[in-house]
1. Residue by residue through the range A:18-34, which ³J(HN,Hα) values in whole Hz follow from phi under the Karplus form 6.51 cos²θ - 1.76 cosθ + 1.60 (θ = phi - 60°), with glycine and proline marked x?
2. Once R0 is set to 60 Å, what does the formula 1/(1 + (r/R0)^6) return for the Cβ-Cβ distance between residue B:54 and residue B:11, expressed as a FRET efficiency to the nearest 0.05?
3. At a 10 angstrom cut-off on C-beta neighbours, averaged per residue, how do the peptides A:83-92, B:250-259, A:96-105, A:202-211 rank from highest to lowest?
4. Given points 7 Å out from each Cα along the Cα-Cβ axis, report the residue B:67 to residue B:230 separation in nanometres with one decimal.
5. Taking the alpha carbon gyration tensor of the range A:112-219, what are the square roots of 5 times its eigenvalues, largest first, to the nearest whole Å?
6. Could you work out, residue by residue across A:84-97, how many beta carbons of other chains sit within 10 Å of that residue's beta carbon, and then give the average as an integer?
7. Would you mind getting me the FRET efficiency between residue B:21 and residue A:218? Use the beta-carbon distance for r and R0 = 45 Å, nearest 0.05.
8. How long are the semi-axes of the equivalent ellipsoid of the range A:59-167, taking √(5λ) for every eigenvalue λ of the Cα gyration tensor, in whole Å from largest down?
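Readers should treat all values here as calculations from the given coordinates under stated rules, not as data from a laboratory. Just so it is clear, the structure is predicted and the values come from calculations on it, not from any experiment. Note that we place each Cβ from the backbone using ideal geometry, even for glycine, and neighbour counts take in every protein chain shown.
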Amino acid sequence: MIELQDVTHDYGGGALFENVTASLDPGSFHFLTGPSGAGKSTFLKLCYGELRPSRGSVAVGGSDLRAMSRDELAAMRGTIGVVHQDCQFLDHLDVRANVGLPLHATARPVADRDIEDLLSWVGLNAQADALPPTLSGGERQRAALARAVITAPRLLLADEPTGNLDWDMSQRLLSLMIELNRMGTTILIATHDMNLIRTAKSQVSSRVLRIAGRRLQSAGADL
Amino acid sequence: MSAISDRVVPSSGHSGWLVWIGAASMSFLAVFALALAVSAARLADTWSAALAQSATIRISAPPAELEGQTEAVLEVLRTTPGIRDARVMTVEEQGQLLSVWLGPDLPLDALPLPRMIEVWETADGPDRQGLRLRLSAEAPGAIYDDHTQWRRPLISAATRLRGLSVLALLLIGGVTGVIIALAASAAMASNAQVIHVLRLVGARDRFIARAFVRRMTRRAALGAAIGTALGMLAVAGLPAFGPEATSGLGFQGLSWLAPLCVPVLIAGVALLAAAATALKVLRGVT
């Protein structure tokens with residue numbers, strides 16, 4: 001599903017990654033971990049084309065992002081779900097409209113019932129008509145996850161999706177992502193929450209990737 | 001679906017007012033330029049029709065010969081093909097013509113006025129060169145004036161006036177396009193985060209551009225409709241000069257329909273300018 005080949009990414013002051021090669025199979029469940037500033041968010045941005053690698057190539061679904069036209073890149077993004085660390089909402093639209101935005105933006109049928117069900121699942125029924133700036137951090141993350149999965153994506157990239165959530169809600173959202181994975185969605189979650197990773201590993205077959213020292217390593221049983 | 005598509009761009013911002021006021025102002029000016037173009041065309045037609053197929057013969061001769069030469073001229077005209085009718089102007093009629101320049105108390109009896117004959121030609125007209133030769137032979141004091149020297153500069157002036165007004169319309173269209181392009185650019189700059197989010201959720205450039213273009217076009221059309229209406233009211237309120245109001249600036253009859261195309265054209269210019277600007281700006285967004 002995702003192939004990184006000898007990817008190097010410079011941030012002006014030097015390389016954040018060097019010669020990173022990784023492959024995430026379709027239907028797999030991965031965690032991406034590492035210290036703050038190691039480049040977890042950058043790694044995800046490279047995967048959905050917000051950033052271009054300085055060297056090397058990134059392919060999603062077998063298609064090299066460098067070779068994609070703007071429309072092809074947009075079409076690719078329409079098939080994946082992304083939970084951004086800063087959520088990235090349209091602040092002038094209510095939560096319901098924000099959750100349905102990927103469907104509207106990609107001209108796909110919008111079933112209001114699906115949106116309501118999803119909001120109910122993430123516990124945001126009461127906030128459906130609220131504007132994003134009025135939500136708490138946890139509510140924003142739940143709304144962001146609802147928006148990311150509204151399209152039933154083939155790939156879900158989540159950047160610290162449970163960072164502001166209590167343990168119960170974290171478990172609930174993890175269950176949702178595990179359920180999506182069982183339905184075939186490839187999952188990549190960037191997190192530093194080791195408890196979340198351990199809980200997930202007890203429920204689903206998953207791999208952990210760790211970014212450290214400008215390299216990507218596969219973490220073993222030391223978790 | 002269309003409701004959300006219309007709302008993905010927030011409605012606030014100074015660019016909205018810029019479009020609205022710019023379109024209204026340009027439309028107001030466009031109505032005047034259009035009125036000038038229509039009036040210039042009408043003046044050219046009026047002057048051309050009034051002066052064409054008519055002529056004047058002026059007879060300047062000693063008093064003893066005046067009557068004889070007048071009769072000779074009338075006889076020549078009666079026997080010349082292409083002359084439909086001819087009539088000797090009365091002294092009072094000549095006095096009315098001269099009173100415009102010399103005042104109403106003109107002592108006509110004391111002035112050696114030439115005799116004037118009004119001539120109406122057929123559609124084909126006479127052989128003017130031949131007619132002049134015959135007149136010079138029969139009545140040496142007669143001068144045939146077919147108004148060409150007046151008609152040509154008048155028509156030329158009216159044609160140039162029409163050309164200038166069309167140029168003004170083109171300039172107005174161009175300035176409108178620039179205003180819309182600047183407003184679209186400003187709107188997109190102030191909504192960079194909105195564009196960023198839309199791209200992240202998979203929106204194509206066309207979807208994002210349409211959201212901005214639709215809003216710009218609607219505002220421009222609304223502003224243009226109001227500007228056009230005000231322009232038409234202003235033109236309608238202009239004082240008519242001339243007894244039949246044929247020489248004044250303004251619309252008459254069906255030409256009042258012409259300014260109704262201004263909002264459509266302004267909206268079209270807005271659509272093209274906004275679309276071109278939006279797509280250009282979006283090319284710089286990942």
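1. 9, 6, 7, 10, 8, 9, 10, 6, x, x, 7, 10, 10, 10, 10, 10, x
2. Working: r = 63 Å, r/R0 = 1.04.
For R0 = 60 Å, the calculated efficiency reads 0.45.
3. A:96-105, A:83-92, A:202-211, B:250-259
4. Each label point is offset 7 Å from its Cα along the Cβ direction, giving 6.9 nm.
5. In descending order the semi-axes read 25, 16, 13 Å.
6. Numbers: counts 2, 0, 0, 1, 5, 2, 11, 4, 8, 6, 1, 0, 1, 4.
Average neighbour count from other chains, rounded to a whole number: 3.
7. Once the sixth-power term is evaluated, E becomes 0.15.
8. With the √(5λ) rule applied to the range A:59-167, the semi-axes are 25, 16, 12 Å.
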